[in-house]
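No value in this document is a laboratory result; all are computed from the given coordinates. No experiment lies behind these values; they were computed from the predicted model shown. With ideal geometry, Cβ positions are generated from the backbone for all residues, glycine too; neighbour counts draw on all protein chains shown.
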Amino acid sequence: MIEQLEKDMIEAMKNHEKERLTVIRMVKAALKQEQIDHKKELNDDLLIDVVNKQIKMRKDSIAEFEKGNRQDLVDQTQSEVDILLKYLPEQLSKEDVEKVINDLFDELKPEGQKDMGKVMKEAQAKLKGKADMKEVSTLIREKLQ
């Protein structure tokens, strides 16, 4: 995936794709920063973490832009999210996520909200990068009630 990021950056430069190039450079900078700050090895898992953080930041921005009626910024930020999604593993459908959560509930047999952390820890191990963890958390919370 990291090699693909490099290739895409070169391709974006050659094709004069300004927006795509900017997003890729931001990801590379965030990746390097994360590597230095936490002394982590540069690998696909780190890339997935960084891309997820970038997407989350942009989704938060989209929500704020919508409150301010700035459709131009919403569209621009959404196109950045679309570019970033290409660097994540294929996202699971809601049905697949629910199936994984149901399997976890059968396996762990949680007894209420106090087991939320235990269930989330296992869910994160199985779904990290493959699903929006905010949605996963919401589904687990609903199922625990």
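To test your reading of the geometry: what angle, between 0 and 90 degrees and rounded to tens, separates the Cα axis of helix 94-108 from the longest principal axis of the chain?
Orientation of helix 94-108: about 40 degrees from the principal axis.
Is there a quick way to get the dipole size of region 1-109? I mean about its Cα centre, with the Cβ of Lys and Arg at +1 and of Asp and Glu at -1; what is the value in debye to the nearest 20?
The calculation lands at about 520 debye.
Quick one: compute a quarter of the convex hull surface over the Cα atoms of the chain and quote it in nm².
The number I arrive at for the chain is 10.6 nm².
What percent do you get for the relative contact order of the chain when only Cα pairs under 8 Å and 6+ apart count?
After rounding, I find 20 percent.
Going by a ≥ b ≥ c, the root eigenvalues of the Cα gyration tensor, does region 2-85 fall in the rounded group (a/c under 1.5), the prolate group (a/b larger than b/c) or the oblate group?
oblate
Mind checking region 79-145 for trypsin sites (Lys or Arg not before Pro) that DSSP puts in a loop (not H, G, I, E or B) and that have at most 15 other Cβ atoms within 10 Å?
Loop-located and lightly packed - LYS86, LYS128.
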